[in-house]
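Visitor: Here's a structure for you.
The values are calculated or read from the model by the stated rules, or taken from the named source; none is laboratory data. Everything numeric here is computed off the predicted structure, so don't read it as measured data. When we count neighbours, we look across all protein chains shown, and the Cβ atoms used for this are built from the backbone with ideal geometry, even at glycine. Just the protein is used for accessible areas: all its heavy atoms, side chains included, with ligands, DNA and RNA removed. Shrake-Rupley method; radii C 1.70, N 1.55, O 1.52, S 1.80 Å.
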Amino acid sequence: MLIVMQSQATTEQVKEVVHRIESMGLDAHPMPGSTRTAIGITGNTAAIDPSRLTGLAGVREMIRVTKPFKLASREMQVDDSRVAIGPVTVEPKSFVVIAGPCSVESEEIMLQTAEFLLDSGVSLLRAGAFKPRTSPYSFQGLEHEGLRRLESTRNATGVCIVTEVMEPEQVDAVAASADVVQIGTRNMQNFPLLKRVGKCGKPVLLKRGMSATLEEWLMAAEYILAGGNKDVILCERGVRTFANHTRNTLDLSVVPCVKDQSHLPVLVDPSHGTGRRDFVIPMALASLAAGADGIMVEIHPDPEQAVSDGAQTMNFDQFTRMMQSLRQIAAPLGRTIC
Ligand code: PEP
Ligand code: MN
């Protein structure tokens, strides 16, 4: 359910409604909007008696949220969510770029990549310290040493760090080293992990499960939001289909569907979405045109030597060309690359 307050409702009136909701054993989620405050209600297993709330001062109406996801739904919050990451804000009109190697590499490579990104006007560096690998014999990531290298790269350059967490027990360590905590496709329905990052105090980049419907994806986001973390960013990274001409099928049509059903920002990962570095630029441009809030791509100074995902990893020249093309098409679309 959603309580919509009158536009002139006072802070005291909002507090009073929150208090009444909580006294009914339910959770209240106040959401200040551009024109009025709304208060989401979760935690009810049976219908709520509207008369206990609609009579309170400042209340305009009570609306039933029809979607199974509540806090993630556009019904609950009309305005697009904004998520701040260091100097960058994921918000309408901007288009954020996150880039870096698939895995944390040597200190020299991390530093070189961070400095290159900052020179390119990009301040968000990605790299996995904990890697979910299909084969137990593949490189598993540098784990805690990887986190240490990410921290030293940030300390040396000021770049912000996006890195993956795979287990609830790792969340404190990863959140301490990261500016954004990433949940990978294989963990989209790891519910203990979703609950834990709901309390981690850092923005969460939630990748779409490789066979997840939009509803399942938004229900996964709901776990994080219900835990009290409002800073959820979705990331489409391709899904499994019969098609095998690319590593995954990058589902760009999900972007406008996300925008229709949810206020959460959505990025696209054309590296994992295609699996081939020469397909990344066209799909990055298409992501911008489709209305995504940004992209996450894999880059490396020498992709052939990358410890993982080299085939889909762009070199620095390709990244520079991608940024030039993105800037060219961003302006007529009313977007700014950041
Ligand atoms: C990644 O971004 O490093 C990654 C492992 O991606 P995904 O979870 O989408 O496979
Ligand atoms: Mn990768």
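Visitor: What is the Cα radius of gyration of the range 26-149 over 2.2 N^0.38 Å, N being its residue count? Mind dumping the intermediate values first?
Guide: Values: Rg = 22.3 Å, N = 124, 2.2 N^0.38 = 13.7 Å.
Dividing the Cα Rg of the range 26-149 by 2.2 N^0.38 Å gives 1.62.
Visitor: Also, I was wondering about something else. Could you pull out the trypsin sites (Lys or Arg not before Pro) across the range 1-77 that fall in loop regions by DSSP (anything but H, G, I, E, B) with no more than 15 other Cβ atoms inside 10 Å?
Guide: Answer by residue number: Arg64.
Visitor: Measuring with a 1.4 Å probe in the full set of protein chains, what accessible area per residue, in whole Å², belongs to the range 223-325?
Guide: 37 Å²
Visitor: I need the fraction of alpha carbon pairs in the range 214-338 separated by more than 25 Å, rounded to a whole percent.
Guide: Tail fraction, whole percent: 29.
Visitor: If you take every residue apart from Thr66 with its C-beta less than 13 Å away from the C-beta of Thr66, what net charge results, scoring Lys and Arg +1 and Asp and Glu -1?
Guide: Surrounding charge for Thr66 is +2.
Visitor: From Cα coordinates alone, what are the radius of gyration and Dmax values for the range 34-91 in angstrom?
Guide: 14.6, 45
Visitor: Taking 25 Å as the cut-off for C-alpha to C-alpha distance, list the pairs among Lys70/Lys195; Lys93/Lys195; Lys15/Lys70; Lys230/Lys259; Lys67/Lys93 that go past it.
Guide: The pairs that break the limit, which is 25 Å between Cα atoms, are Lys93/Lys195; Lys67/Lys93.
Visitor: Report the local net charge at Ser106: Lys and Arg +1, Asp and Glu -1, summed over other residues whose C-beta lies under 12 Å from its C-beta.
Guide: Within the 12 Å Cβ shell, the charges total -4.
Visitor: Length gain on complete extension for the stretch Thr320 to Ala286, per 0.36 nm per residue less the alpha carbon to alpha carbon distance?
Guide: The span from Thr320 to Ala286 would gain 10.5 nm if fully extended.
Visitor: Could I ask something else about it? Calculated FRET efficiency, Asp260 and Ala57, Cβ-Cβ r, R0 35 Å, to nearest 0.05?
Guide: Values: r = 34 Å, r/R0 = 0.97.
E between Asp260 and Ala57, to the nearest 0.05, is 0.55.
Visitor: Measure off 7 Å from each Cα along the Cα-to-Cβ vector at Arg186 and Ser106, then give the distance between these two points in nanometres to one decimal.
Guide: Distance between label points: 2.7 nm.
Visitor: List the equivalent ellipsoid semi-axes of the range 2-63 in whole Å, largest first, each obtained as the square root of 5λ for an eigenvalue λ of the Cα gyration tensor. Mind dumping the intermediate values first?
Guide: Values: eigenvalues 64, 25, 22 Å².
Equivalent ellipsoid of the range 2-63: 18, 11, 11 Å, largest first.
Visitor: How far is it, in nm, from the label point at Asn244 to the one at Asp302 when both lie 7 Å from their Cα along the line to the Cβ?
Guide: With each label placed 7 Å out from Cα toward Cβ, I get 3.3 nm.
Visitor: What FRET efficiency do you get for Arg276 and Asn44 if R0 is 30 Å and r is their Cβ-Cβ distance, rounded to the nearest 0.05?
Guide: 0.05
Visitor: Among Leu214, Gln140, Met314, whose Cα lies farthest out toward the positive end of the dipole of the chain, if unit charges sit on the beta carbon of Lys, Arg (+1) and Asp, Glu (-1)?
Guide: In the chain, that residue is Leu214.
Visitor: Over the Cα atoms of the chain, what Rg and Dmax result, in angstrom?
Guide: Cα only, the chain: 20.7, 66 Å (Rg, Dmax).
Visitor: Can you pull out the chymotrypsin sites (Phe, Trp or Tyr not before Pro) in the range 171-268 whose DSSP state is coil and whose Cβ has at most 14 other Cβ atoms within 10 Å?
Guide: Phe242
Visitor: Could I ask something else about it? Given points 7 Å out from each Cα along the Cα-Cβ axis, report the Thr66 to Gln140 separation in nanometres with one decimal.
Guide: 4.9 nm
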